[in-house]
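Engineer: Mind looking over this structure? Questions follow.
The values are calculated or read from the model by the stated rules, or taken from the named source; none is laboratory data. Keep in mind that this is a model prediction, so the values were computed, not measured. Cβ: placed from backbone, ideal geometry, glycine included. Neighbour counts: every protein chain shown. Keep in mind that these areas ignore ligands, DNA and RNA; they rest on the heavy atoms of the full protein, side chains included. Shrake-Rupley method; radii C 1.70, N 1.55, O 1.52, S 1.80 Å.
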Amino acid sequence: MKFSASLSAVALAALLTDALAAPTWPSPTDDLEELMFQSTGYRTRNFADLVTPCSKSPNMPGRMNAAEWMRTAFHDMATHDIYQGGMGGLDASLMFELGRSQNNSPAFASTFVQLQQFMSSKTPMADLLALAMYASVRACGGPIVPVKGGRVDADTAGLSGVPQPEDPQGTFIAQFARMGFSIAEMVDATACGHTLGGVHSAQHPLIVPVGTAPNEYAMLDDPSQAASKFDAAIARDYVLGNTTNPLVVGPSIKYQRHADFKVFTADRNATIRTLTDETVFRQRCAVSMAKIIDTVPSSVTLGPVLEPYEVKPVRPQLYLAPGGQSLKFIGDIRILANSRAVSSVKLTWSTRSGSAGGEVTGIAAGTGGGFDDSFVFYTFDFNIPTAVGISKFTVVVNDGEIFDNNGEGFPMQDTIIYLPPQSCIPAETDEANMRQMTVTAAKLSSAPGEPTLDFAQKVARTDGVVVPRIVRQSITMNEGVRVGPYTIYEKTIAVGSTLSNRNNFDIVLGDVRDEFKFTMAMGRACAKLSGDDGPGTTSSTSTSTSTSTSSSTTPPPDTSTISTTTTSSSSTTTSPPPTSETGWSSLGCYTDSVGSRTLSVGMGVPDLTNARCQAACRAGGFKYAGTEYAQECFCGNSLASSGAAATSGCNMACQGDSSEMCGGPDRLTIWEYQGGDDTPSPTTSQPSGPTSTPFPGWTKEGCYADSAASRALSYRANIGSEMSNGKCTAACDAAGYTLAGTEFGAECFCSNTIENDHGPASSGCNMPCNAASGEVCGGPDRLTVWKRGT
Ligand SMILES: *[C@@H]1O[C@H](CO)[C@@H](O)[C@H](O)[C@H]1NC(C)=O
Ligand SMILES: *[C@@H]1O[C@H](CO)[C@@H](O)[C@H](O)[C@H]1NC(C)=O
């Protein structure tokens, strides 16, 4: 039968559609869906980058993000109490509970720091923790853990009761019963959770004595620390009797901390034996990890399991053309291409009154996908006379397959529209360190009511909690001029500078809204509506305008800032960081994104200039330096492939010198070190090898207390995995700080004062520097602090 292959594919698709009831667009979980499924290629949201590959550790050797993300979800959920009406569960309350001894690990704070950038009004931290479970399991080769949306973040600490290694077997059974887990489910959750990651000496010296494991880290089913994957080895080796799991064998037994043994023997090894089979292991782990993330407070109702849309509009946007006679539709349509070759995509739109508007052909824009899905994207860019308007559209794939959004058409209202070119957030801050953000919208004058700006602002918490609070405000907008059938509304508000590019907002008119706009995508200067300033001719057009060209409003290219740079000098200088570093040449403007950094190492450099960033990177021995968003400095020895040369967008003045450009939103001004030798050396000769010599001019202050939630020295200098006090003090010196501190053998922090009420500690600075074993680099929650000058 020559049609059998395609027939069965169609039949399968029909079956799946029936069984799962394809989602109708838009849905409250649309952003979560993108974060989950668009993780590579065109329009990647970069969520999975932080756990890909499985062994990824942006923190330090011997840590593994995938394992830390899974642990974070479990610790957050583990306080659920079915006896108290189902209180607690996956609700991100862990962010308030990091001071408890049961949560004694830097993993949780770093997970929250990594995930908070993806938070929005539609995507709470608790849903991100669920997604983190999916991404970390899948990135390590595990099964697909089904994810639902709809969780609600707690606003205070919850109950306590995370199981601890020293708990007796009966306590484990009672704790898991309190969470709603049977004994078999307890064994599943423990085995599946412990197939990744391990135990650190720093937190558990009675389980992994200091000096007994590589990187002071004993993995639970991977003694070589080289082949970590989501597999049944943890069960297989346990049953075979050759396990190296430190929670089963070794010193933990003497101290009654052999937790996995106590769990696995709770039903006389019955469940763990069945888990030795890889197929059974994967099936049961998918169910078990889903139970962990779906254990939520009883007040929360979760939505359906997220599936990728077959066809999904990706943030389409209407623009109002000058004079108000036409609207422009710009946006991408995403097509699921798992079992479908896409050769054409058309869009058929209906007017405001519902009659036929026209048919438009899209242009192939790119391909992308996720762990199990692939997509093609088509871009649309067409005009709509404002006299007729638009109400909805359908999508036609390959001239035959019609997608009508479950019979409703894809809705596209033109009553209230956000105007991206006429909205902006400037780089300059005022005395209170705020930016003046202007949001502009157009309302059909014939529609009743006044629009409001529904602003979801991330506000840093003052209580040491690393996850910002999302504060929602409904703000009245000011009526302005009439343009064609539309009335313009505008509002300028002050937003805090630190998180000002991480917010989102809706424009609301009654029950109609043009929603989910990101401040990250806003331009620096607002265009005026009068004049020829439609989309594609200002610096603030959205990234979806593939047809846009550079224009007269684009600031001059970055090359204007390198006139003083030389590449010929190889001599060193002993002067303090000057306004321009020698030996660096400009590579121009590059793209960047928070989830996938083009340069991997972030530096805290106050009063940023390109020269200060270059000096900080040079001190760390890096080849590339890049400035971004006026105030951020990144270093690296290679440019990630996700970064590409950009023709525009590096248009933000440096915070420390408004005459030069320091990147822009998602844009890096990149420099390459070409002068001098290739060995890392700061501006003066630096003793090599493992000595405890700090950078010249620095002296030791002593041992200080610190905590991940509230740092004693708030600027982290990620100068690579090889740490010594010399490298750290050199980095802080180059970045212009007067205090430096090394911690946990591998971390370097800088500041000008000891912050957050931390003080000297009489003990605890006892970890060797990982690149200089003869010297001490702090300890767990302890900093070896150095000071510039005497
Ligand atoms: C335990 O034995 C099995 C079977 O010989 C082997 O595949 C596995 O690698 C061993 N595990 C360890 C930790 O040595
Ligand atoms: C369970 O398995 C472990 C590891 O193989 C073994 O030491 C223990 O004796 C077994 N316990 C029971 C009750 O079978």
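Engineer: With V248, V263 as the choices, which residue is crowded, with 16+ Cβ neighbours inside 10 Å, without any contact (Cβ under 8 Å) to a residue 24 or more places away in the chain and within 16 Å of ligand 2 (Cβ to nearest atom)?
Structural biologist: Selected residue: V248, the only one of V248, V263 that is crowded, with 16+ Cβ neighbours inside 10 Å, without any contact (Cβ under 8 Å) to a residue 24 or more places away in the chain and within 16 Å of ligand 2 (Cβ to nearest atom).
Engineer: What residue, among those in segment 221-241 that are at pLDDT 95 or above and not small (G, A, S), is farthest from ligand 1 (Cβ to nearest atom)? Spell out how you get there, then give the answer.
Structural biologist: Our first condition is that a residue be at pLDDT 95 or above; within segment 221-241, this holds for 230-241.
Those left that are additionally not small (G, A, S): 230-231, 234, 236-240.
Values: F230: 16, D231: 11, I234: 10, R236: 7, D237: 5, Y238: 10, V239: 10, L240: 5 Å.
Residue satisfying both the conditions and the ranking: F230.
Engineer: Next question, about the same structure. Restricted to segment 711-721, and to residues that are assigned to a loop (DSSP other than H, G, I, E, B) and open to solvent by 30 Å² or more (accessible area, probe 1.4 Å), which residue is nearest to P760 (Cα to Cα)?
Structural biologist: Here the residue is R711.
Engineer: Related question: Given the conditions (1) modelled with pLDDT of 95 or more; (2) surrounded by 22 or more Cβ atoms within 10 Å (Cβ to Cβ); (3) over 21 Å from R178 (Cα atoms), which single one is not true for W25?
Structural biologist: Status for W25: all satisfied but (2).
Engineer: I'd like to check something: does segment 145-158 contain any residue that is among the basic types (K, R) and open to solvent by less than 20 Å² (accessible area, probe 1.4 Å)?
Structural biologist: Yes.
Engineer: Filter segment 702-716 down to residues that are among the hydrophobic types (A, V, I, L, M, F, W, C) and at pLDDT 80 or above and give me whichever is farthest from the chain's Cα centre (by Cα).
Structural biologist: Start the filter on segment 702-716 by keeping residues that are among the hydrophobic types (A, V, I, L, M, F, W, C), which leaves 703, 705, 708-709, 712-713.
Filter again for at pLDDT 80 or above, leaving 703, 705, 712-713.
Working: C703: 33, A705: 29, A712: 24, L713: 23 Å.
Among those residues, the one meeting the criterion is C703.
Engineer: Moving to a separate point now. Just a yes or no: is a residue in segment 617-631 under 22 Å from the mean Cα position of the chain (by Cα) and open to solvent by 40 Å² or more (accessible area, probe 1.4 Å)? So that I can check it myself, show each step before the final result.
Structural biologist: The initial filter retains those residues of segment 617-631 that are under 22 Å from the mean Cα position of the chain (by Cα), namely 625-631.
This time we only want the ones that are open to solvent by 40 Å² or more (accessible area, probe 1.4 Å), so: 631.
Looking through segment 617-631, at least one residue is under 22 Å from the mean Cα position of the chain (by Cα) and open to solvent by 40 Å² or more (accessible area, probe 1.4 Å).
Engineer: Something else: Filter segment 266-285 down to the residues that are in a loop (DSSP other than H, G, I, E, B), under 24 Å from T171 (Cα atoms) and more than 10 Å from ligand 2 (Cβ to nearest atom) and list them by number.
Structural biologist: Within segment 266-285, just L275 meets the criteria.
Engineer: So for segment 329-352 (the condition being more than 29 Å from T40 (Cβ to Cβ), open to solvent by less than 10 Å² (accessible area, probe 1.4 Å) and touching a Pro at 6+ places or on another chain (Cβ under 8 Å)), does at least one residue qualify?
Structural biologist: Scanning segment 329-352, I find no residue that is more than 29 Å from T40 (Cβ to Cβ), open to solvent by less than 10 Å² (accessible area, probe 1.4 Å) and touching a Pro at 6+ places or on another chain (Cβ under 8 Å), so the answer is no.
Engineer: When you go through S201, S160 one by one, which is the residue that is under 21 Å from L90 (Cα atoms), in contact (Cβ under 8 Å) with a residue 12 or more places away in the chain and small (G, A, S)? Spell out the reasoning first.
Structural biologist: On the way: S201 fails: under 21 Å from L90 (Cα atoms).
One residue alone meets the criteria, S160.
Engineer: Given (1) in a helix (DSSP H, G or I); (2) open to solvent by 30 Å² or more (accessible area, probe 1.4 Å), identify the lone condition not met by A191.
Structural biologist: Answer for A191: the failing condition is (2).
Engineer: A further question on this structure: When G141 is evaluated against the numbered criteria (1) open to solvent by less than 30 Å² (accessible area, probe 1.4 Å); (2) in a loop (DSSP other than H, G, I, E, B); (3) under 20 Å from D231 (Cβ atoms), which criterion, by number, is the only one it fails?
Structural biologist: Of the numbered conditions (1) open to solvent by less than 30 Å² (accessible area, probe 1.4 Å); (2) in a loop (DSSP other than H, G, I, E, B); (3) under 20 Å from D231 (Cβ atoms), the odd one out for G141 is (1).
Engineer: Checking the condition within 27 Å of N65 (Cβ to Cβ), in contact (Cβ under 8 Å) with a residue 60 or more places away in the chain, in contact with a Leu (Cβ under 9 Å, 6 or more places away or on another chain) and in a helix (DSSP H, G or I), which residue from I292, I234 passes? Show your work before the answer.
Structural biologist: Numbers: I234 fails: in contact (Cβ under 8 Å) with a residue 60 or more places away in the chain.
Only one candidate passes the filter, namely I292.
Engineer: Give the number of residues within segment 503-519 that are surrounded by 19 or more Cβ atoms within 10 Å (Cβ to Cβ) and within 30 Å of T72 (Cα to Cα).
Structural biologist: 5
Engineer: Scan segment 382-415 for residues that are part of a strand (DSSP E or B) and open to solvent by 50 Å² or more (accessible area, probe 1.4 Å) and jot them down.
Structural biologist: N383, P385, K392, E401, I402, P411
Engineer: Oh, and also: Would you check if there is a residue in segment 80-102 being at pLDDT below 95, in contact with a Phe, Trp or Tyr (Cβ under 9 Å, 6 or more places away or on another chain) and open to solvent by 10 Å² or more (accessible area, probe 1.4 Å)?
Structural biologist: The answer is yes; a qualifying residue exists.
Engineer: Right, something else. State yes or no: is L35 among the aliphatic types (A, V, I, L, M) and at pLDDT 95 or above?
Structural biologist: Working: among the aliphatic types (A, V, I, L, M): yes; at pLDDT 95 or above: yes.
Considered against the rule, which asks whether it is among the aliphatic types (A, V, I, L, M) and at pLDDT 95 or above, L35 comes out as yes.
Engineer: Mind listing just one residue for me: the one in segment 288-317 that is open to solvent by 60 Å² or more (accessible area, probe 1.4 Å) and among the polar types (S, T, N, Q) and, of those, farthest from G85 (Cα to Cα)?
Structural biologist: Restricting to residues being open to solvent by 60 Å² or more (accessible area, probe 1.4 Å) and among the polar types (S, T, N, Q), the top hit is T301.
Engineer: Condition first: under 24 Å from R461 (Cα atoms), hydroxyl-bearing (S, T, Y) and part of a strand (DSSP E or B). Now tell me which residues in segment 735-775 satisfy that.
Structural biologist: Hit for segment 735-775 is S751, nothing else.
Engineer: Could you check segment 416-428 and list, in sequence order, the residues that are modelled with pLDDT of 95 or more and assigned to a loop (DSSP other than H, G, I, E, B)?
Structural biologist: Answer for segment 416-428, where residues must be modelled with pLDDT of 95 or more and assigned to a loop (DSSP other than H, G, I, E, B): just L419.
Engineer: Residues in segment 353-373 that are free of Cβ contacts under 8 Å to residues at least 60 places away in the same chain and either in a strand (DSSP E or B) or of a type outside the set (S, T, Y) (or both): how many?
Structural biologist: From segment 353-373, those free of Cβ contacts under 8 Å to residues at least 60 places away in the same chain are 353-362, 364; that's our starting set.
With the extra rule that they be either in a strand (DSSP E or B) or of a type outside the set (S, T, Y) (or both), the set shrinks to 354, 356-362, 364.
Residues flagged as free of Cβ contacts under 8 Å to residues at least 60 places away in the same chain and either in a strand (DSSP E or B) or of a type outside the set (S, T, Y) (or both) within segment 353-373 amount to 9.
Engineer: On the basis of being away from ligand 2 (no atom under 16 Å from the Cβ) and open to solvent by less than 50 Å² (accessible area, probe 1.4 Å), does G198 make the cut?
Structural biologist: yes
Engineer: Please go through segment 242-277 and pick out each residue that is within 16 Å of ligand 1 (Cβ to nearest atom) and of a type in the set (D, E).
Structural biologist: Residues satisfying the conditions are D260, D277.
Engineer: When segment 51-77 is examined, which residues are found to be aliphatic (A, V, I, L, M) and touching a Phe, Trp or Tyr at 6+ places or on another chain (Cβ under 8 Å)?
Structural biologist: V51, M60
Engineer: Could you tell me whether R597 is touching a residue at least 60 places away in the same chain (Cβ under 8 Å), under 16 Å from G663 (Cα atoms) and open to solvent by 10 Å² or more (accessible area, probe 1.4 Å)?
Structural biologist: The answer is no for R597.
Engineer: Are there any pairs, at least 6 apart or on different chains, whose C-beta atoms fall under 7 Å, with the first in segment 21-45 and closer than 10 Å to E307 by Cα and the second open to solvent by 50 Å² or more (accessible area, probe 1.4 Å), and if so, which?
Structural biologist: That search, which allows pairs on different chains as well, returns A22/E310; A22/N406; P23/E307.
Engineer: Can you tell me which residue in segment 492-501 is modelled with the lowest pLDDT, limited to those that are open to solvent by 20 Å² or more (accessible area, probe 1.4 Å) and over 21 Å from S710 (Cα atoms)?
Structural biologist: A494
Engineer: Based on this model, can you work out whether S110 counts as within 14 Å of the chain's Cα centre (by Cα) and open to solvent by 10 Å² or more (accessible area, probe 1.4 Å)? Give the steps one after another, and end with the answer.
Structural biologist: Working: within 14 Å of the chain's Cα centre (by Cα): yes; open to solvent by 10 Å² or more (accessible area, probe 1.4 Å): yes.
For S110, the condition - within 14 Å of the chain's Cα centre (by Cα) and open to solvent by 10 Å² or more (accessible area, probe 1.4 Å) - is met.
Engineer: From the list M60, M64, pick out the single residue that is open to solvent by less than 50 Å² (accessible area, probe 1.4 Å) and modelled with pLDDT under 90.
Structural biologist: M60
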